[in-house]
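**Q** Have a look at this one before I ask anything.
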Amino acid sequence: MRNWTPLRYGGMTRTPGTLFRGFAKTAAKTARFLPFNFNRAQAYVIEAGDLYFRFWNRDSKSRVESPPGTPIEVVTPYPEADLKYLQTRQSGDLLFIFCKGYWPRVLTRTSETVWGLALYVPQDGPYLDINPTATTLDPGATSGSTTITASSIVGINGGAGFAASDVGRVIRFLEAGGRWYWFVITAWTSTTLVTATYMGRDDGDTAAMPGHAASVLWRLGAWSGYEGYPRAVGLYEERLISAATDQQPTTVWGTVAQDTGLDDYSIQATLVADDAFTAKLLGSLSSILWIADGKDIILGTEGAVRVLGRNDEGAAFGPLNLRQKPESEVATSYVPGFFVERMLLFFDSYRDKLYEAQYANEAQGYVADEISALNEHLFSYGVTSCAYQAAPNRVLWMTTDEGSMLGATYDRKQEVFGACENDVGGDGVVEWAMSMPGIDKDGDQVWLMVRRTIDGAVVRTIETLGAFYRSGISEQEWPLYTYCAQVYDGAPTTSITGLGDFEGETYGIWADGVDLGDATVESGELTLPALFEASVVVYGLRQSSLATTLRLRDYGTGEPAVGLPSIASDATADLYETGFLRIGMGELTPSDYDNGLDPLRPDDISEQDPFEAARLLTRAVPIKVDDSWENNGVCTIETNSTLPATVRAIIIDVEGAD
């Protein structure tokens, strides 16, 4: 099955085509998407490319520009090679961005056309353990800007001493009175001398320190050029959760509970439940790769799925009530796990197996099972991104290293999982997929980054998946079953101009309900075949949808037909809103038009005017059966039209050999 989507209740429907939204900034380099969902009514798609962010309005599906023609753009530190490692969490107008190798950042939206990217500045932490060496630190003053002098380099940055990259790092210092005070390094002088600004006491009091003296009781910030920066981020019970630096790949940090800025890592002299926390996973191969926000803090690691949660379920989660344990001995990958309802979905370390994990009371933990085993040939290339489209059909859309797009219908309650490979027209290679909350009954939006060759040049196109078309129900008023498609909606015309960017492309054309055939863009103009005049034209790359049935049971004998010769004697297709299909017996290909693949056209429409809007059939239709023993009762269904097709069932009567 290819370019069909399995339905939860049985049968299959054509995978919709895609609409062209625009070109990515850089044609030669890939880009990906990040979501920005302030609320259901205000949402944006971030085009994250090589050292830049651009912004697309979710509702209008257009690029944010100011003035018109000038895209709003934010400069970023992330090159093409590291884009796949970006992880985000959002709180209001703040998008927290974490990536291995980079200090975390915060993207802020002031208005649709005003965006800013700044360093995430943690307050009073997080910190390494208390210094275990004989090295002392001595603040030169009790307030304001001061120097901090180290007695040696031992215990600082692995014995190398202070470094220029420590600027911005925090330091905690235990004063003789028993209270912790903290500073932020503002300048570097040498391996034993830095300048820092005094920030205050562990309880937030900013009054000056009562005194200062050299002491071995100090703590350096856990994030720095030497220690590395956290790669994973999550949100849990009003805390920002981060994890995994280069030097501490198994450590998890959480902010103070209910901190509105999600940046306070302070710990008071006497711990309280709302304080920030630090937790270190135990065991081998526990380097953390991602965080999923669930009943507990779910950590995908290099060796297993781990859980960080409460020790006492009746008490508040925090530094006084933590428990960790392994949940599933399945190594995970950099592709973040995510929840679909109450099921955790994640990929193994090779990204070629999809697992689901559910909390089980009897096991007192999450139990994982592979759900992709029957489709292992589709997952074998390795999944690179995954988008869950909850409505209307509950489909996981996945991109792969090979460039194809997988669609897997997933409904855990109905015990349904069925996958299909999808092409996107021409030489299109899908590089990223992301879903966004929908705004109408057509369901969630799916955004795709696609690499194509147009007029001899490689480009990156931004496309959105069309609706699963239902006549009279879909908000999308026309069927979309071509790819990288565009729509003309205006006064009746026989040609469409302004297509210079698509010179030489051959498009399938749907015009006012009619599949007109194909036409090629010449000199930036697309002329409709037969000079047909239409007011609504959908034009894009044709793509065949092809499916072949498995060998069936011989209902005459009740025995499986597999391994035995069989032949179909009669067949019927149960269709729903289907415009055009070709069906034949045997394992055929789209090129077998004159060798067994026959158009399925009931008698009452066989003489239909070819320029009349196509009728969509909803009924059972007989299939012309011209089978042989070599075909073994197998049936092939194909269409490359611009019209929808849904096959609810195929009923085949099979005769087995005596």
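The values are calculated or read from the model by the stated rules, or taken from the named source; none is laboratory data. Remember, predicted model here, so these are calculated numbers, not experimental data. Using ideal geometry, Cβ is built from the backbone for each residue, glycine included, and neighbour counts are taken over all protein chains shown. Accessible surface is based on the protein model in full, side chains and every heavy atom, while ligands, DNA and RNA are left aside. Shrake-Rupley method; radii C 1.70, N 1.55, O 1.52, S 1.80 Å.
**Q** Please label the shape of segment 165-274 as rounded, prolate or oblate, based on the square roots a ≥ b ≥ c of the eigenvalues of the alpha-carbon gyration tensor (a/c under 1.5 means rounded; beyond that, a/b larger than b/c means prolate, else oblate).
**A** It comes out oblate by the Cα gyration axes.
**Q** When all protein chains stay in place, what accessible area (Å², nearest 10, 1.4 Å probe) is found for Asp515?
**A** Number for this one is 50 Å².
**Q** Taking 8 Å as the Cα distance limit and 6 or more residues as the minimum spacing, I'd like the relative contact order of segment 444-512 as a percentage.
**A** Result for segment 444-512 is 27 percent.
**Q** Which length gain, in nm to one decimal place, applies between Ser60 and Lys325 when the Cα-Cα distance is subtracted from 0.36 nm times their residue separation?
**A** Gain on stretching Ser60 to Lys325: 90.8 nm.
**Q** Now a separate question. Run the numbers for Asp205 and Phe23: contour at 0.36 nm per residue of separation, minus the present Cα-Cα distance, in nm.
**A** Here the segment from Asp205 to Phe23 would lengthen by 60.3 nm.
**Q** Sort 332-339, 107-114 for me by packing, meaning the mean count of neighbouring Cβ atoms within 10 Å per residue, highest on top.
**A** Top of the packing list down: 332-339, 107-114.
**Q** Using a Debye calculation, one point per C-alpha and no hydration shell, please list log10 I(q)/I(0) for the chain at q = 0.07, 0.08 Å⁻¹ in order.
**A** -0.57, -0.70
**Q** Please pull out the direction-averaged projected area of segment 1-87, using the convex hull of its alpha-carbon atoms, in nm² to one decimal place.
**A** That works out to 8.5 nm².
**Q** Pull out the extension gain between Ala391 and Ile439, defined as 0.36 nm times the separation in residues minus the alpha carbon to alpha carbon distance; nm, one decimal.
**A** Result: 16.2 nm gained on full extension.
**Q** Kindly list the residues of segment 210-224 that lie in the label zone of Val154, defined by a backbone N under 19 Å from the point 7 Å along the Cα-to-C-beta vector.
**A** 214-220, by backbone N distance to the label point.
**Q** What percent do you get for the relative contact order of segment 228-326 when only Cα pairs under 8 Å and 6+ apart count?
**A** 21
**Q** Still on this structure, please answer the following. Do the sum for the chain: with -39,500 (n - 2.57) for every DSSP H run of n ≥ 4, divided by all residues, what is the mean residue ellipticity at 222 nm, to the nearest 500 deg cm²/dmol?
**A** When only DSSP H runs of four or more count, the value is 0 deg cm²/dmol.
**Q** Between Val340 and Ser535, what is the label-to-label distance in nm when each label sits 7 Å out along the Cα-to-Cβ direction?
**A** 4.2
**Q** Here's a follow-up. Say a paramagnetic label sat at a point 7 Å from the Cα of Arg310, along Cα to Cβ; which residues of segment 226-242 have their backbone N under 13 Å from it?
**A** Of the residues in segment 226-242, 237 have backbone N under 13 Å from the label point off Arg310.
**Q** Round to the nearest 10 and report in Å² the accessible area of Arg452, as given by a 1.4 Å probe over the protein chains' heavy atoms.
**A** Its heavy atoms expose roughly 10 Å² to the probe.
**Q** For the chain, what relative contact order do you get, as a whole percent, if you take Cα pairs closer than 8 Å and at least 6 residues apart?
**A** Rounded, it is 12 percent for the chain.
**Q** Using a 1.4 angstrom probe on the protein heavy atoms only, line up Lys29, Lys413 by accessible area, largest first.
**A** Result, largest first: Lys413, Lys29.
**Q** I've got another one for you. Can you list which of the GluC sites (Glu not before Pro) found in segment 281-333 are DSSP loop residues with at most 12 other C-beta atoms within 10 Å?
**A** When the GluC sites (Glu not before Pro) of segment 281-333 are filtered for loop state and at most 12 Cβ neighbours within 10 Å, Glu313, Glu329 remain.
**Q** Which of the pairs Lys280/Lys413; Lys353/Lys441; Lys100/Lys280; Lys84/Lys353; Lys280/Lys353; Lys84/Lys280 have their Cα atoms more than 24 Å apart in this structure?
**A** Lys280/Lys413; Lys353/Lys441; Lys280/Lys353; Lys84/Lys280
**Q** Here's something else I'd like to know. Within segment 112-155, find all residues whose amide N lies under 12 Å from a label point positioned 7 Å from the Cα of Thr197 along Cα-to-beta-carbon.
**A** 144-146
**Q** Work out the FRET efficiency for Ser111 and Glu475 from their Cβ-Cβ distance, taking R0 = 30 Å, and round it to the nearest 0.05.
**A** 0.60
**Q** Here is a follow-up. How would segment 269-396 be classified by its alpha-carbon gyration tensor: rounded, prolate or oblate, with rounded meaning a/c under 1.5 and the a/b versus b/c comparison settling the rest?
**A** Taking the square roots of the gyration eigenvalues as a ≥ b ≥ c, segment 269-396 is prolate.
**Q** To the nearest 0.05, what FRET efficiency results for Phe38 and Val416 with a Förster distance of 45 Å applied to their C-beta separation?
**A** Given R0 = 45 Å and the Cβ-Cβ separation, E is 0.85.
**Q** Which value, in Å² and to the nearest 10, is the accessible area of Thr578 when all protein chains are kept and the probe is 1.4 Å?
**A** 0
**Q** Roughly how many whole Å is it from the C-alpha centroid of segment 1-15 to that of segment 17-35?
**A** The distance from the Cα centre of segment 1-15 to that of segment 17-35 comes to 26 Å.
**Q** Further question: Within 15 Å, Cβ to Cβ, of Trp182, how many net charges do the neighbouring residues add up to if Lys/Arg are +1 and Asp/Glu are -1?
**A** -4
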